[in-house]
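Structure record follows, encoded as structure tokens.
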Protein chains: 2
Amino acid sequence: MEKRDAEKDILEAAKKVFITKGSAGARIQEIADMANINKAMLYYYFKTKEQLFNRIIEDAAMLMSQNIIPALIGDKNIIDKLEQLTENYIDTLSEHPYIPIFILSELNQHPQTFQDKVQSRITDSNVLPNLFQQILLEQQQNKIKPIAPQHLILTVMSLLVFPFVAKPIFTQLFKMGETQYVRFMNERKAEVKKIIRLLLKPNP
Amino acid sequence: MEKRDAEKDILEAAKKVFITKGSAGARIQEIADMANINKAMLYYYFKTKEQLFNRIIEDAAMLMSQNIIPALIGDKNIIDKLEQLTENYIDTLSEHPYIPIFILSELNQHPQTFQDKVQSRITDSNVLPNLFQQILLEQQQNKIKPIAPQHLILTVMSLLVFPFVAKPIFTQLFKMGETQYVRFMNERKAEVKKIIRLLLKPNP
DNA sequence: GTCTATAGCGGGATAGAC
DNA sequence: GTCTATCCCGCTATAGAC
């Protein structure tokens, strides 16, 4: 029998409600109900709706960047790094499929949020410039085919993230249930890796 | 000197506000102000906020499907069709970059919307089953490499749509201005077509 | 068709007892 | 820490004069 932790319950409920309804559409009452807690109690733990929301979106952004950065650092070659990223990303997002659309949608409405809460972590780590440099270096060494680093990165991110962003559309369009969706996204790892190799592996 | 058309002004303003703030975040007052019209006048033309919103999202969905369907029907081969789609889509979305994130985000919050307003148009036209059939046929004839139709479609859609969905992220990440973004998205047409050919063109 | 004024209420936030 | 009651603002929507 575990001790009931109000703050944890609130965060869990808030996550669900904010992610499905968005910042403006979410109702504090609904979060409180879902956490089996009084609305006043919620304000006892989190001073304002905005503060609670910030906490949720920070957690979500953290979850995302935690999977990018480790896959991309180290001294493996580019193809290995991107394949590792594919594994990590699809696994994590399969467990949290609504995170990307939530982040992107909120970012669209408040672009400053990104600057403040997400970019700093990526910029500070210097992952991106290092990756660019490695791509250009491996090209000079003829280890991979020529491609603009921006296009390569955007292509891989597109292939990884979009299927989750568009989940509601394409599960309905392809008439998939939840189980089929998960299986499909697992197949998709191989598909994305195939494209990465097609793009980068030099012709023999 | 053109005649002032209130209804048109409202729709134009509503489009901007709904797309940037979302359905729940949008304020009727802001739409009215932007349309240089009285708030009561707005209710004269559109009975409720919801009705106005529905009109906006229907227009947006229409704009999207208008570009998919024509590129995919007819008797061209798959590669030509997908390359045509690439041209149409990136051109249209470059003019309306915030439409995809708007639609996807609202769809996520109200999945029923899709069933009602978008899917019917696509389902009725029978584009998707026909396309699937053509893909399988060309594979049997060894005109294209083997690939599951679902993965092919999802890959192409990812490559086309995601750069717009993630526009705020990657313009900031790659430190791009509006002009550079447009130029980059134009380059991207060639990049996407290259990937389509890599995926489908049989090795000689 | 256009405008002013206002109804009416949903929902964020707080007071204050226990 | 927990709860009830309530404040009060902002917002959708309407009434009604012109």
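No lab work stands behind these numbers, since they all come straight from the coordinates. Keep in mind that this is a model prediction, so the values were computed, not measured. As a convention, Cβ positions derive from the backbone with ideal geometry for all residues, glycine included, and neighbour counts pool all protein chains shown.
In order along the stretch A:105-117, phi translates into HN-Hα couplings of 5, 5, 4, 5, 7, 9, x, 4, 3, 4, 3, 6, 9 Hz, rounded to whole numbers, per the Karplus curve 6.51 cos²θ - 1.76 cosθ + 1.60 with θ = phi - 60° and x for Gly and Pro. Net charge near A:Leu136, counting Lys/Arg +1 and Asp/Glu -1 over other residues with Cβ under 15 Å of its Cβ? Net of charged neighbours comes to +2. Between identical copies, the spacing of A:Asp124 label points, each set 7 Å from Cα toward the C-beta atom, reads 5.4 nm from nearest to farthest. Averaged over peptide B:108-117, the number of partner chain Cβ atoms lying within 10 Å of each residue's Cβ comes to 4. For the residue pairs B:Lys117/B:Lys201; B:Lys15/B:Lys167; A:Lys117/B:Lys175; A:Lys194/B:Lys167; A:Lys175/B:Lys81, alpha carbon separations beyond 28 Å are given by B:Lys117/B:Lys201.
Using the reciprocal of the averaged 1/r over all distinct C-alpha pairs, how large is the Kirkwood radius of the protein assembly as shown in Å? If you can, show how the numbers build up before the last one.
Numbers: mean 1/r = 0.0434 Å⁻¹.
Result for the protein assembly as shown, one decimal place: 23.0 Å.
If you bin all the Cα-Cα distances of the stretch A:46-134 at 5 Å, starting from zero, the percentages per bin are 2, 13, 21, 21, 20, 13, 6, 2, 1, 0.
Taking 22 Å as the cut-off for C-alpha to C-alpha distance, list the pairs among A:Lys143/B:Lys143; A:Lys145/B:Lys143; A:Lys21/B:Lys49 that go past it. Before the final figure, lay out the partial values.
Working: A:Lys143/B:Lys143 30 Å; A:Lys145/B:Lys143 25 Å; A:Lys21/B:Lys49 17 Å.
Table pairs above 22 Å Cα-Cα are A:Lys143/B:Lys143; A:Lys145/B:Lys143.
By the Cα gyration tensor, chain B has an equivalent ellipsoid whose semi-axes, rounded to whole angstrom, run 37, 20, 14 from largest to smallest. Measuring against 32 Å, Cα to Cα, the residue pairs A:Lys16/B:Lys39; A:Lys189/B:Lys189; A:Lys16/B:Lys16 contain A:Lys16/B:Lys39 as the ones spanning a longer distance.
Each copy carries a label point for A:Arg197 at 7 Å from Cα along the beta-carbon vector; from one copy to the others these points are 2.2 nm apart, nearest first. For A:Ser94, inter-copy separations between label points set 7 Å beyond Cα along the Cβ vector come to 3.8 nm, shortest first.
Between the stretch B:25-71 and the stretch A:99-168, the C-alpha centres lie 33 angstrom from each other.
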